[in-house]
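A short worksheet on the structure shown next.
Every number here is computed from the coordinates shown, using simple stated rules; none is lab data. Nothing here was measured: the structure is a model prediction, and the numbers come from that model. Positions of Cβ are generated from backbone atoms using ideal geometry, with glycine treated the same way; all protein chains shown enter the neighbour counts.
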Amino acid sequence: GQQVMQIPQYQHVQEGEDFTTYCNSSTTLSNIQWYKQRPGGHPVFLIQLVKSGEVKKQKRLTFQFGEAKKNSSLHITATQTTDVGTYFCAGQPSGNEKLTFGTGTRLTIIP
Amino acid sequence: DVKVTQSSRYLVKRTGEKVFLECVQDMDHENMFWYRQDPGLGLRLIYFSYDVKMKEKGDIPEGYSVSREKKERFSLILESASTNQTSMYLCASSFERGYYGYTFGSGTRLTVV
């Protein structure tokens with residue numbers, strides 16, 4: 001079955017440093033979504049990428065979808081304490097609506 | 001705002017009990033999902049439903065069943081709870097099939113003793 005791998009599993013950064021998490025799928029995706037889960041909370045939808053090579057920005061967050069539509073990344077510039085949480089990617093294979101979630105990257109910020 | 005409400009935040013049940021986890025969404029979403037979340041394993045899909053009275057197995061359906069008698073309600077049933085079903089259970093819904101983000105409930109942390 002489809003697998004979505006995410007690295008790293010954990011990342012500790014100093015406040016103000018940048019952060020990147022990477023997502024790789026074993027199969028081509030029709031779209032990829034990103035979610036954020038705060039400690040003790042539930043996943044919250046951030047964004048969806050659909051087109052090959054697509055780049056989208058939300059303030060300090062930059063999301064990319066690879067040319068082959070099999071990988072994606074989330075980059076946070078100048079992290080803040082509010083960025084703490086686990087970031088999940090989730091992919092939908094072409095022609096299939098079921099999302100497969102990655103294992104997540106847990107971000108902690110050192111003040 | 002779309003709301004997905006799970007009936008219990010914390011639940012403690014005994015081994016062998018039949019357990020019902022309820023989920024209700026208020027935005028007329030067609031699709032509903034049940035996931036479990038365990039440390040290091042991410043979110044794993046148990047069952048999902050694209051319509052009333054319709055259900056499909058996800059990646060880890062063993063030991064679970066579901067019921068969707070009304071569009072807004074999707075119930076997860078543990079037929080005979082076991083300790084390896086101790087987990088965080090998350091319900092989610094989405095508007096239509098295809099390119100829509102999921103809205104998650106706050107989760108039910110189930111402990112089976």
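Note on B:ASN84/A:GLN9: beta-carbon distance plugged into 1/(1 + (r/R0)^6) with R0 of 25 Å gives a FRET efficiency of 0.65. For the stretch B:4-112, the relative contact order comes to 37 percent (Cα pairs under 8 Å, sequence separation of at least 6). Under the convention that each Lys and Arg Cβ holds +1 and each Asp and Glu Cβ holds -1, the size of the dipole of the protein assembly as shown around its Cα centre is about 160 debye. Fully extending the segment from B:ILE77 to B:GLU17, taken as 0.36 nm per residue of separation minus the present Cα-Cα distance, adds 20.6 nm. Footprinting exposure proxy ranking of B:ARG36, B:ARG9, B:ARG73, fewest other C-beta atoms within 10 angstrom first, gives B:ARG9, B:ARG73, B:ARG36.
In this structure, B:SER67 and A:ARG60 have a Cβ-Cβ separation that, at R0 = 41 Å, corresponds to a calculated FRET efficiency of about 0.45. With the cut-off at under 15 Å, measuring from each backbone N in the stretch B:44-79 to a point 7 Å along the Cα-to-Cβ line of A:SER30 picks out B:50. Mind scanning A:LYS59/B:LYS71; A:LYS36/B:LYS3; B:LYS13/B:LYS55 and naming the pairs with a C-alpha gap bigger than 27 Å? Table pairs above 27 Å Cα-Cα are A:LYS59/B:LYS71. Centroid-to-centroid, using Cα positions, the stretch A:1-46 and the stretch B:38-109 are 21 Å apart.
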